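One structure is given below, encoded as C-alpha cells.
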Amino acid sequence: MGRPPLAAHEGMLFVFAGDDERCLWMRDTPSALAAAFIDAGGKVLNTVEMQPLTDTRHCSRAPARYALETRAGWFSTRGIRAGERLQGLEKVAPASR
C-alpha cells in the first residue's frame, strides 16, 4: 500500500461502520503481515498470515467490525487466536468518508 514496513510493535487498525464479512489482500504490499478479524464485542474471530504482493483474499470467518494488521507472526508469537478478547476497541470511531 505504499507505506514503510511496520515496526515490531506497530499495527494498523481498520474500523468499519458495521459488521460484515471483511477481506484483506496484499497487492502492492511488499512486507508479510498478519491480521486479526475482530467482532464488535472485541472477540478475535480468526487470524491470518498474509504473503507480500499477492491477490489472495483473506476473509473473516464471521461478521467483523475491526481488522488489525501487524507484522507477520505477531499474533502467533503472543498466543493470540480465535476466541481471545481485546479491550478498548469500542473507544475507536470509524474513519469518516
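Can Arg65 be described as in a loop (DSSP other than H, G, I, E, B) and of a type outside the set (A, V, I, L, M, F, W, C)? Before you say what the answer is, go through the steps one by one.
On the way: in a loop (DSSP other than H, G, I, E, B): no; of a type outside the set (A, V, I, L, M, F, W, C): yes.
Judged against the criteria, Arg65 is not a match.
Would you pick out the residues in the range 1-28 that are aromatic (Phe, Trp, Tyr) and either farther than 23 Å from Arg65 by Cβ or in a loop (DSSP other than H, G, I, E, B) (or both)?
Just the residues of the range 1-28 that are aromatic (Phe, Trp, Tyr), to begin with: 14, 16, 25.
Hit for the range 1-28 is Trp25, nothing else.
For the range 34-59, give me each residue that is in a loop (DSSP other than H, G, I, E, B) and within 22 Å of Thr77 (Cα to Cα).
Taking the range 34-59 first, the residues in a loop (DSSP other than H, G, I, E, B) are 39-42, 51-57.
Listed by number, the residues that qualify are Asp39, Gly42, Gln51, Pro52.
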For Leu33, are the conditions met, namely being touching a His at 6+ places or on another chain (Cβ under 6 Å) and modelled with pLDDT of 95 or more? no
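Return a yes/no flag: does the range 11-29 have any residue that is of a type in the set (Ser, Thr, Tyr), in contact with a strand residue (DSSP E or B) (Cβ under 9 Å, 6 or more places away or on another chain) and at pLDDT below 95.
Scanning the range 11-29 turns up at least one residue that is of a type in the set (Ser, Thr, Tyr), in contact with a strand residue (DSSP E or B) (Cβ under 9 Å, 6 or more places away or on another chain) and at pLDDT below 95.
What number of residues within the range 42-97 are of a type in the set (Gly, Ala, Ser), modelled with pLDDT of 95 or more and within 25 Å of Asp28 (Cβ to Cβ)?
Keep residues of the range 42-97 that are of a type in the set (Gly, Ala, Ser), which gives 42, 60, 62, 64, 67, 72-73, 76, 79, 82-83, 88, 93, 95-96.
Then keep just the ones that are modelled with pLDDT of 95 or more; that gives 42, 60, 62, 64, 67, 72-73, 76, 79, 82-83.
In the following step, the residues that additionally are within 25 Å of Asp28 (Cβ to Cβ) were identified as 60, 64, 67, 72-73, 76.
Number of matching residues: 6.
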Exactly one of Ser31, Ser76 is touching a residue at least 12 places away in the same chain (Cβ under 8 Å), part of a helix (DSSP H, G or I), at negative phi and more than 12 Å from the chain's Cα centre (by Cα), and that one is Ser76
Quick check on the range 57-86: of everything there that is under 18 Å from Phe14 (Cβ atoms) and among the polar types (S, T, N, Q), which residue is surrounded by the fewest Cβ atoms within 10 Å (Cβ to Cβ)? Thr70
Just to check your reading of the model, which residue among Val44, Val48 is surrounded by 15 or more Cβ atoms within 10 Å (Cβ to Cβ) and touching a His at 6+ places or on another chain (Cβ under 9 Å)? Val48
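The values are calculated or read from the model by the stated rules, or taken from the named source; none is laboratory data. Note that the structure is predicted; figures quoted are calculated from it, not measured. We place every Cβ from the backbone using ideal geometry, glycine too, and count neighbours over all the protein chains shown.
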